[in-house]
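K.L.:
Got a structure for you, questions after.
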Amino acid sequence: MSTAQTQSPELQISDLLARAYRFRILGTCFAYPGLGDGARIHQALEAAVCPQTLAVLPSGSAVLEAWAALDDETLRAEYTRLFMGRTPCSLHAATYAGSTQLAGPGPLLADISGFYQAFGLDTSDEDAERPDHLAVQLGFYGILLVKEAYAISEGWGGHAEVTHKAVARFLTDHLGGWQGVLLPRLREQNAASPYPETAAWLDEGLADECARLGVDPTPFKRPLEDPLQADEFICPHGAGGSARVPAEQPVHFEHREGAQH
């Protein structure tokens with residue numbers, strides 16, 4: 001049992017919601033920036049400057065200041081340069097983990113999607129991001145923490161325990177592997193300040209989660225070329241070993257009736 005689980009229900013809920021807020025902001029930071037997103041992220045970060053929460057950003061935080069510094073056009077150009085296509089700063093877990101497996105990234109993507117579906121978050125074609133994208137994983141982790149808080153608030157001990165175990169497992173098997181991955185690569189690419197500062201905050205958040213849950217994720221390997229990042233990739237089991245498979249595997253969270261709370 002973690003230390004947080006020995007707290008009063010009120011403190012547990014406050015703790016979970018603060019952590020969820022942190023990871024939902026982080027997910028937004030690593031999603032493609034739309035019109036006005038830079039300003040919205042900065043406003044969300046300002047709301048996180050609160051000494052009563054574990055999502056705290058100290059006043060004058062480098063993360064907070066960095067997101068106030070760039071206009072939308074520059075932000076989108078930098079995101080495209082750093083994270084889209086073949087890049088050493090890929091935001092797809094398959095680049096670091098799945099592509100080192102003999103079976104390729106398929107099992108990794110299936111396992112991540114299985115987590116989403118188990119908690120009532122089905123995939124659809126409305127969003128361009130794959131299940132293994134960092135922004136999607138961060139958003140899902142935040143949802144899990146909210147679900148755990150809700151179960152505690154309703155007195156659903158069984159649901160809370162199931163969700164707590166899912167939080168720990170998703171951190172161990174997937175999200176925790178991102179710790180320490182992006183920051184050195186972003187520095188090598190002379191990335192504009194919002195992204196290195198946010199990557200450092202991500203590392204702090206993941207280290208905190210691993211410590212509080214007592215988990216030790218396997219670090220990602222050095223990035224290899226992710227076959228799903230190409231326009232298309234070759235399926236080794238296709239006719240003549242050259243069956244073409246579309247690269248995109250879009251994901252969008254949709255709540256499903258009857259799912260776990």
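K.L.:
Carbon-plus-sulfur fraction of the accessible area of the stretch 134-201, 1.4 Å probe, in percent?
P.N.:
Using a 1.4 Å probe with all protein chains present, the stretch 134-201 comes out at 49 percent carbon and sulfur.
K.L.:
Would you tell me the accessible area of L11, worked out with a 1.4 angstrom probe on the heavy atoms of the protein chains, in Å² to the nearest 10?
P.N.:
It works out to around 100 Å².
K.L.:
So, one more: Give the ranking of T218, T172, T198, T87 by solvent-accessible surface, highest area first, calculated with a 1.4 Å probe.
P.N.:
Values: T218 100, T172 45, T198 0, T87 25 Å².
The ranking, largest first, comes out as T218, T172, T87, T198.
The values are calculated or read from the model by the stated rules, or taken from the named source; none is laboratory data. Just so we're clear, the structure is a prediction, and the values are computed from it rather than from any experiment. Just so you know, the surface numbers come from the protein's heavy atoms only, side chains and all, with ligands and any DNA or RNA stripped out. Shrake-Rupley method; radii C 1.70, N 1.55, O 1.52, S 1.80 Å.
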